[in-house]
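J.: Please find one structure pasted underneath; my questions will follow.
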Number of protein chains: 2
Amino acid sequence: MLSKNQRKQILQLSKKKHRKTDGLFVAEGEKVVLELIASGWTFEFLFSMDQAFHPDAQLLKWEEMKQLTQFKTPSPVLGVFKMPKRSEILNEPITVAVDGVSDPGNLGTIIRLCDWFGFSELICSETTVDCFNPKVIQASMGSIVRVQCHYVTELADSLKSLDKPIYGATARGDSIYEAKPSGQASYVFGSESHGISPKVTRVLDGELSIPHFRGANQRAESLNVATATAIVLSELMRPPTQK
Amino acid sequence: MLSKNQRKQILQLSKKKHRKTDGLFVAEGEKVVLELIASGWTFEFLFSMDQAFHPDAQLLKWEEMKQLTQFKTPSPVLGVFKMPKRSEILNEPITVAVDGVSDPGNLGTIIRLCDWFGFSELICSETTVDCFNPKVIQASMGSIVRVQCHYVTELADSLKSLDKPIYGATARGDSIYEAKPSGQASYVFGSESHGISPKVTRVLDGELSIPHFRGANQRAESLNVATATAIVLSELMRPPTQK
């Protein structure tokens, strides 16, 4: 049985302001919730439509779950977790940064990609959607436990302070297939609609782009920021061609 | 002013059955609608919240748009278009196929990727979400005009009939970075949860995977099917390394 207060609190956690005040966030979906628990993240409440899910889970009906979800269709499992402690930026050899990525699905997918390619952190401009937004958590599919998102007030300054070249993924840059930088560097991805902000553009040491394969008489196309990130990270991390 | 009948018909077009009967589909979003019009696709109705959008558009209030949208937030523009005529499979040198991809955002992103990499068609199993689903149309960002989706009843048979090797993207395949096939071939991508169906798996000439870069003591991760497609297509299409 869901209490009125629990419901109110959980719905409020869809807002960043309340997540900050309460130090809590919501994760929906069995895989994500299990991954958070397995990684030692502490839950405050756990709800499930299946008695067998977890001994500490409160059993809820579909109708109750429906009242809590941020999605069109509720997941069978929802957890309210304590926000993890923030740590300092590690400055790994390769740093990935996002500037103003506002779509939660895209940010979650980028977190998952960072995890896949072995990066432990992602630097986010303040204009980027909050990584504890329920839709980011869901799209990250649990990768949030291995990739720490650092929100910084001035992305340009933070990247400069890492003391390595900064490259931006833009539409007009050099082909990533030909101009692939080697060695330590930061890579910035901007929002699909606004690109990389002027302040960050000014500190770039180079611009990279993914060439497209259509004739010039075709209309311009674009890639979404998560697929562009996938291609650039794959290109950076792939072993040199043998043949 | 929106008539009751228009509203009813447009809402019904969110269902594949009604799209088939009426021969119509809905596109939401200014960029997508403009791209469909520019490509000569015929609209039945056009709605906009902005008088200046198009001379043939009916002006709607936000509240009316809100009643029509399949999204949480309505777009300023919505168009009802006639379905284009279906044509035969071209069998380009490289064929991309999807097997049971059910998430509309993923299918739309894959259509956009095919467009980016210069493919004019995508072969879809019958178990794949319909490409005229409003969410697929929106995620494809207009690329649907350049990439024809062919729905086939038996994907395995259709791929066999193209008479070239068939590769599947799987979790256990050879590294795409090392085993990249050259020449004419088909590439199949399965759904995130179910992978490639057993029937299609039986006709594969090889399996390819994207290696991950985490230590073996880390928990298993996965990539979503759209980002996996992005990485595989980029790897297939990139020019050979110069250095």
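The values are calculated or read from the model by the stated rules, or taken from the named source; none is laboratory data. No experiment lies behind these values; they were computed from the predicted model shown. Here Cβ is always computed from backbone atoms with ideal geometry, including for glycine, and neighbour counts include all displayed protein chains.
J.: Among the numbered criteria (1) closer than 23 Å to A:F117 by Cα; (2) modelled with pLDDT of 95 or more, which single criterion is violated by A:R202?
T.: Unmet condition: (1).
J.: Filter the stretch A:61-110 for residues that are under 25 Å from A:A226 (Cα atoms) and assigned to a strand (DSSP E or B) and give the result.
T.: Once the filter is applied, which keeps residues that are under 25 Å from A:A226 (Cα atoms) and assigned to a strand (DSSP E or B), the stretch A:61-110 yields A:I94, A:T95, A:V96, A:A97, A:V98, A:D99.
One line per residue, one yes/no per condition, for (1) surrounded by fewer than 19 Cβ atoms within 10 Å (Cβ to Cβ); (2) touching a Phe, Trp or Tyr at 6+ places or on another chain (Cβ under 9 Å):
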| position | (1), (2) |
| --- | --- |
| A:R19 | no, yes |
| A:D22 | yes, no |
| A:V32 | no, no |
| A:L59 | yes, yes |
| A:M65 | no, yes |
| A:T73 | yes, no |
| A:I89 | yes, no |
| A:T109 | no, no |
| A:I123 | no, yes |
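J.: For the stretch A:184-191, does any single residue satisfy the condition of being in contact (Cβ under 8 Å) with a residue 12 or more places away in the chain, surrounded by fewer than 18 Cβ atoms within 10 Å (Cβ to Cβ), in the same structural domain as A:V98 (by TED's automatic domain parsing) and not in a loop (DSSP other than H, G, I, E, B)? Spell out how you get there, then give the answer.
T.: Narrowing the stretch A:184-191 to residues in contact (Cβ under 8 Å) with a residue 12 or more places away in the chain: A:184-191.
Then drop every residue that is not surrounded by fewer than 18 Cβ atoms within 10 Å (Cβ to Cβ), which leaves A:184-185.
Retained after the next criterion (residues that are in the same structural domain as A:V98 (by TED's automatic domain parsing)): A:184-185.
The next check asks that each one be not in a loop (DSSP other than H, G, I, E, B); those that pass are A:185.
Yes - at least one qualifying residue is present in the stretch A:184-191.
J.: Further, regarding this structure: Would you tally the residues in the stretch A:146-166 being part of a helix (DSSP H, G or I), closer than 20 Å to A:L107 by Cβ and out of contact with any Asp or Glu (no Cβ under 6 Å at 6 or more places or on another chain)?
T.: Taking the stretch A:146-166 and keeping what is part of a helix (DSSP H, G or I), we get A:155-161.
Restricting the remaining residues to those that are closer than 20 Å to A:L107 by Cβ gives A:155-156, A:158-159.
Narrowing further to those that are out of contact with any Asp or Glu (no Cβ under 6 Å at 6 or more places or on another chain): A:156, A:158-159.
Result for the stretch A:146-166: 3.
J.: Could you say whether any residue in the stretch B:129-140 is more than 16 Å from A:A226 (Cβ to Cβ), away from chain A (no Cβ under 13 Å), among the polar types (S, T, N, Q) and out of contact with any Cys (no Cβ under 7 Å at 6 or more places or on another chain)?
T.: yes
J.: Give the residues of the stretch A:34-48 that are in contact with a Phe, Trp or Tyr (Cβ under 6 Å, 6 or more places away or on another chain), part of a loop (DSSP other than H, G, I, E, B) and either within 20 Å of A:Q67 (Cβ to Cβ) or of a type outside the set (A, V, I, L, M, F, W, C) (or both), sorted by residue number.
T.: none
J.: For the stretch B:115-136, which residues satisfy the criterion of being part of a helix (DSSP H, G or I) and modelled with pLDDT of 95 or more? Before the answer, list the steps.
T.: Initially, the stretch B:115-136 is screened for residues part of a helix (DSSP H, G or I), giving B:115-116, B:134-136.
Hit for the stretch B:115-136 is B:V136, nothing else.
J.: Among the residues of the stretch A:20-68, write down those that are of a type in the set (D, E, K, R) and touching a residue at least 12 places away in the same chain (Cβ under 8 Å).
T.: Across the stretch A:20-68, the qualifying residues are A:D22, A:E28, A:E30, A:K31, A:E35, A:E44, A:D50, A:D56, A:K61, A:E64.
J.: Which residue, of B:I210, B:I196, B:I144, is more than 9 Å from chain A (Cβ to nearest Cβ) and modelled with pLDDT under 95?
T.: Details: B:I210 fails: more than 9 Å from chain A (Cβ to nearest Cβ); B:I196 fails: modelled with pLDDT under 95.
Result of the check over B:I210, B:I196, B:I144: B:I144.
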